[in-house]
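One structure is given below, encoded as structure tokens.
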Amino acid sequence: MSYHNMTETVQRQNKVLLIYTGGTIGMGRNPKTGALEPLDFQQLSMQVPEFEWIPTGIDIYQFTPPIDSSDMTPRLWAELVRIIADRYEQYDGFVILHGTDTMAFTASALSFMLENLTKPVILTGSQLPIGQLRTDGKENLITSIEIAAAHHDDGTPIVPEVCIYFSGKLLRGNRSTKINADGFNAFDSFNYPHLGDAGINIVYHEEYIIQPDYSRPMVPHYVTDPNVVVFTLFPGIQDNIVSHVLDAPELRSIVMRTYGSGNAPQRPWLMQMLKEAANRGVNIINISQCAAGTVEMARYDTGFQLKNAGVISGYDSTVESAVTKLMHLQGHYADYQTVRHFMNCNMRGEITLPRNV
């Protein structure tokens, strides 16, 4: 029996908050230069007369000025958390309009920063501005609002998670990654099933959706520590370059993208550098360069050597999730051993742990 069937009826507001940060969905063409530039939301909403047909009340919060998602920062993640936390009781769900380039980073970060989330937070956007004839923005926006408002008979939301909705797919935010710069199918979650699929009807796959404890409050977190770096192994990687990265005094964590199921070249210098960095408290997280699959460090000798050097498995984490999880944990714990402990925990449905862990 799912948890929502055992709770008391949840009081609903029949309202959703739409948070407009910017991105392609809200772009308009400058009549003088022909270049795309952000519109304010009043101009944007004029492009969507269908708003009047939506049965849910919609309030708007607009970033001023709207930002390109390339300019998203941890400070703005904290601002999004504050917007949601300050208005948490007033709305049934939240929809964030966001540029696609960093949407998966923001969705991952918010999943960690909103502890015991009990309401939907749906990120969406578009590949074409909402005012263009063939835009994908209208469907993405209207369906996201519908998902944010969707609930069971007892009032509990169907999707009390941070999600990305895009091109018919509802994805767990911290499992998502951008896969296409040109097509409408811009996102997918290779290592976790879709939470829902939207066709004529929206079909929710409730067996994959997290059910929170509705008796506990949502706990917002605002502090992050971004002293993380991502580096990718490749044939011919040079020891002097790697040493400069590992020797940075501010460095607290590395997300290392290895080969296949978590393998690295058997170079004594590389293993020695990684071991020295791990011993002085740098967290080194091993994730695969492959879009799908998981790290199994005991499968091959090269992975086993990494484990002996103090490298931690990132299992089937995305880059976006590993980076933002580290930033969140580093913001709360000075002790690297505590950070490592939680990196080996499935905190928000972001990784699949082997059964023996």
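The values are calculated or read from the model by the stated rules, or taken from the named source; none is laboratory data. What you see is a predicted model, and the numbers here were worked out from it, not measured in a lab. Reconstructed Cβ throughout: ideal geometry from the backbone, glycine too, with neighbour counts over all protein chains shown. The area values use the complete protein model at the heavy-atom level, side chains included, leaving out ligands, DNA and RNA. Shrake-Rupley method; radii C 1.70, N 1.55, O 1.52, S 1.80 Å.
The table that follows gives values for the structure above.
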{"quantity": "Per-region count, region 322-349, residues of a type in the set (Ser, Thr, Tyr) and under 24 Å from SER176 (Cβ atoms)", "calculated": "1"}
{"quantity": "Residue in region 319-331 that is of a type outside the set (Asp, Glu) and without any contact (Cβ under 8 Å) to a residue 12 or more places away in the chain present", "calculated": "no"}
{"quantity": "Cβ pairs under 8 Å, 6+ apart, first in region 149-178 and among the charged types (D, E, K, R), second open to solvent by 20 Å² or more (accessible area, probe 1.4 Å) and not in a loop (DSSP other than H, G, I, E, B)", "calculated": "ASP154/ASN5; LYS169/ASP188; LYS169/ASP197; LYS169/ALA198; ARG172/TYR208"}
{"quantity": "Among the residues listed as LYS169, LYS178, LYS119, the single one being of a type in the set (D, E, K, R), closer than 20 Å to ASP59 by Cβ and open to solvent by 10 Å² or more (accessible area, probe 1.4 Å)", "calculated": "LYS119"}
{"quantity": "Single residue of ASN240, ASN283 found to be among the polar types (S, T, N, Q) and over 29 Å from SER189 (Cβ atoms)", "calculated": "ASN240"}
{"quantity": "Filter pass, GLY28 being of a type in the set (Gly, Ala, Ser), assigned to a loop (DSSP other than H, G, I, E, B), at pLDDT below 95 and open to solvent by less than 40 Å² (accessible area, probe 1.4 Å)", "calculated": "no"}
{"quantity": "Qualifying residue in region 255-267 (condition: out of contact with any Ser or Thr (no Cβ under 9 Å at 6 or more places or on another chain) and open to solvent by less than 50 Å² (accessible area, probe 1.4 Å))", "calculated": "no"}
{"quantity": "Candidate set from region 319-354 (those that are of a type in the set (Ser, Thr, Tyr) and under 17 Å from the mean Cα position of the chain (by Cα)); member that is most open to solvent (accessible area, probe 1.4 Å)", "calculated": "THR352"}
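Listed here are the residues, each with its yes/no results for (1) within 16 Å of PHE184 (Cα to Cα); (2) aliphatic (A, V, I, L, M); (3) open to solvent by less than 10 Å² (accessible area, probe 1.4 Å).
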{"site": "GLN90", "(1), (2), (3)": "no, no, no"}
{"site": "ALA109", "(1), (2), (3)": "no, yes, yes"}
{"site": "GLU115", "(1), (2), (3)": "no, no, no"}
{"site": "LEU123", "(1), (2), (3)": "yes, yes, yes"}
{"site": "SER126", "(1), (2), (3)": "yes, no, yes"}
{"site": "THR143", "(1), (2), (3)": "yes, no, no"}
{"site": "ALA148", "(1), (2), (3)": "no, yes, yes"}
{"site": "HIS151", "(1), (2), (3)": "no, no, no"}
